[in-house]
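Below is one structure, written out as structure tokens; comments come after it.
The values are calculated or read from the model by the stated rules, or taken from the named source; none is laboratory data. From a predicted model like this one, the values you see are computed outputs, not experimental measurements. So basically every Cβ, Gly included, is an ideal-geometry build from the backbone, and we count neighbours across all protein chains shown. We work out accessible area using only protein heavy atoms, side chains counted, and drop any ligands, DNA or RNA first. Shrake-Rupley method; radii C 1.70, N 1.55, O 1.52, S 1.80 Å.
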Amino acid sequence: MTIVSSSPWLTPETHARLVRELAALRRSTAGEQDGDDEIARHTHRQARIRQIEDVLRGAVVGQDPPDDGIAEPGMVLTVEYDDGDTETFLLGTRDEAGHGDLEVYSPDSPIGRALHGAKPGDRREYRVPSGGAVRVTLVGAEPYGQHRHGDR
């Protein structure tokens, strides 16, 4: 397995949302009561707190990667599948959300791992859960900040 990046890339909006969620989760753990339901909720909250802390630790926030056309976290990728369909998405953490019509794929997803380091014109292949292979060609890659400002 290829490790894509040790530091997650986050938009400033996602970073702020995660910080708020973490504060709310920490507040909600105070004054908990006994009972199976509350124990289950507490366990779930603690797991989410650890997950957010892991994402925030060392996160690269809002700093666009270089505009070099290379697929990496923080880049908006446009790809073409063998059937001619194209798709544009942000390569970022699963916690990225609310970017309009822009899908977000994790660098650790099959397509994210396959495309990491690709340059426009590179053709890559990845496996889907059903076991089939999907071939995809990177058409372009631009930093998220430039893509976002270009949409306005």
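I'd like the projected area of the chain, averaged over all directions, using the convex hull of its alpha carbons. Report it in nm² with one decimal.
Details: hull surface 44.8 nm².
Here the figure is 11.2 nm², rounded to one decimal.
Would you please name the trypsin sites (Lys or Arg not before Pro) within segment 45-75 that are DSSP coil residues with at most 10 other C-beta atoms within 10 Å of their C-beta? Numbers along the way, then the final one.
Numbers: sites: Arg45, Arg48, Arg50, Arg57; in loops: Arg57.
Answer by residue number: Arg57.
Going highest first, how would you order 85-96, 60-71 by mean Cβ packing within 10 Å?
Values: 85-96: 18.4, 60-71: 15.0.
Ranking, from highest mean packing down: 85-96, 60-71.
From the alpha carbon gyration tensor of segment 13-87, can you work out the equivalent ellipsoid semi-axes (sqrt of 5 times each eigenvalue) and give them in Å, largest to smallest? It would help to have the intermediate numbers written out before the result.
Values: eigenvalues 289, 60, 15 Å².
Values for segment 13-87, descending: 38, 17, 9 Å.
Normalized C-alpha radius of gyration of segment 62-143, against 2.2 N^0.38 Å? Working shown, then result.
Numbers: Rg = 12.0 Å, N = 82, 2.2 N^0.38 = 11.7 Å.
Taking N as the residue count of segment 62-143, the ratio is 1.02.
Once you put a point 7 Å from the Cα of Tyr126 and another 7 Å from the Cα of Asp37, both along the Cβ direction, what distance in nm separates them?
Taking the two extended label points, one gets 4.0 nm.
If you average the sequence gap of Cα pairs under 8 Å that are 6 or more apart and divide by the length of the chain, what percent do you get for the contact order?
Numbers: 232 pairs, mean separation 38.0, N = 152.
Reported as a whole number, the value is 25 percent.
Ignoring ligands, DNA and RNA, what accessible area per residue does the chain give at 1.4 Å, in Å²? Each step should come with its number before you reach the end.
Details: 8940 Å² over 152 residues.
With the other protein chains kept in place, the chain gives 59 Å² per residue.
In the chain, what percentage of the DSSP-assigned beta bridges are antiparallel, given to the nearest 5?
Among the beta bridges of the chain, antiparallel pairing accounts for roughly 75 percent.
Can you give me the % of accessible surface on the chain that is carbon or sulfur? Probe 1.4 Å, all protein chains present, nothing else counted. Spell out each step's value before the answer.
Numbers: 4260 of 8940 Å².
That fraction is 48 percent.
Can you give the net charge of the other residues whose Cβ lies under 11 Å from the Cβ of Glu96, counting K and R as +1 and D and E as -1?
Working: positive: Arg17, Arg94; negative: Glu13, Asp95, Glu103.
Combined, the nearby Lys, Arg, Asp and Glu give -1.
Positive end of the charge dipole of the chain (Lys, Arg +1 and Asp, Glu -1 on Cβ, about the Cα centre): tell me which of Thr11, Ile49, Gln146 has its Cα farthest that way.
Ile49
How big is the dipole moment of the chain about its Cα centre under a simple scheme where the beta carbon of each Lys and Arg is +1, that of each Asp and Glu is -1, and everything else is neutral? Debye, nearest 20, please. Present the calculation step by step, with values, prior to reporting the outcome.
Details: 18 positive and 27 negative charges, 87 e Å.
That gives a dipole near 420 debye.
Give me the distance in nm between label points sitting 7 Å out from Cα along the Cα-to-Cβ direction at Val60 and Leu25, one decimal.
Those two pseudo-labels are separated by 2.4 nm.
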